[in-house]
Amino acid sequence: MSELEVLVELQELDTRLSQLTHRSKTLPEYEQLATLQAEDRELKTSFGKIEVELSTLRQSQNDREVEIQQLEDKIAKATSSLYSGDMTSPKEAAVLQGEIDSLSKRQSILEDQIIELMEQIEPYATEETRISTARSNCQEAITVIEGEIAAALSEVESERESVAEEKRGVETRAGSNLVKLYEDNRKRMGDHTAVGRLVGTSCGACFLEIAAVEIDRIRRLPSDQPSECPECGALVVR
Ligand SMILES: [Zn+2]
């Protein structure tokens, strides 16, 4: 076995590290989280609109209730004057009675308006409760998913640590010259696999068949001399 075999081991460990990075960036839970967050934003917007409507309607109801209270006070006062015996003339009593009648009429109009307002408020209030419940369910689901993401990431992280430790062991065994050769080659190859085993007549990095004449040339080299795949440029270890 070639002493360059250790380069393949380093490559395999780095491939595993890349896979772990990829896994941590593409957890299926991220999509679920995004869906839930979008739903939550929609519910928040709907809730805001409902609140504006409800606030206007409730304010109208409140204004009328305040006015009714004032009318009731005035009516009570006028009624008490009317029956207190302070009236000096029937005319004065009639004026006061007229005033009470007109205040009562206004009160009854306001009461009818309040009933109408309450009928308008009802469906909004039902919707307010529905959205509020949906939102708290949605937020609960978000918390659950966030927990699952944290657990998955921590699993990836501990796997990464164990692979990194294994890699340090292989690097020690490889020695600084081969580690440098490997690292330089990885830099040169960028995102591509930097080392591949020769499998039959194929490159283990790009899986392409290497021309017979090149295979001959590679096989004639001393086994500890690195050679490049003519297809992808990776170091070929045989
Ligand atoms: Zn290749």
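Computed quantities for the displayed model
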{"read-out": "From the options Q70, Q61, Q113, residue that is open to solvent by 90 Å² or more (accessible area, probe 1.4 Å), of a type outside the set (D, E) and closer than 30 Å to E128 by Cβ", "value": "Q70"}
{"read-out": "Verdict on A234 being within 11 Å of the ligand (Cβ to nearest atom), among the hydrophobic types (A, V, I, L, M, F, W, C) and in contact (Cβ under 8 Å) with a residue 24 or more places away in the chain", "value": "yes"}
{"read-out": "Residue that is in a helix (DSSP H, G or I), touching an Asp or Glu at 6+ places or on another chain (Cβ under 9 Å) and either aliphatic (A, V, I, L, M) or modelled with pLDDT of 95 or more (or both), where the choices are A78, A94", "value": "A78"}
{"read-out": "Criterion: open to solvent by less than 30 Å² (accessible area, probe 1.4 Å), away from the ligand (no atom under 16 Å from the Cβ) and assigned to a helix (DSSP H, G or I) - qualifying residue of A151, A125, A141", "value": "A125"}
{"read-out": "Among the candidates L82, L33, residue that is touching a residue at least 40 places away in the same chain (Cβ under 8 Å) and in the same structural domain as E119 (by TED's automatic domain parsing)", "value": "L33"}
{"read-out": "Some residue of the stretch 175-189 being within 13 Å of the ligand (Cβ to nearest atom), closer than 22 Å to E3 by Cα, part of a helix (DSSP H, G or I) and open to solvent by less than 40 Å² (accessible area, probe 1.4 Å)", "value": "yes"}
{"read-out": "Only one of A212, A205 that is outside the structural domain of Y30 (by TED's automatic domain parsing) and within 12 Å of the ligand (Cβ to nearest atom)", "value": "A205"}
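The values are calculated or read from the model by the stated rules, or taken from the named source; none is laboratory data. Keep in mind that this is a model prediction, so the values were computed, not measured. No Cβ is skipped: glycine too gets one built from the backbone with ideal geometry, and neighbour counts run over all protein chains shown. Note: accessible area is taken over every heavy atom of the protein model, side chains too, but ligands, DNA and RNA are not part of it. Shrake-Rupley method; radii C 1.70, N 1.55, O 1.52, S 1.80 Å.
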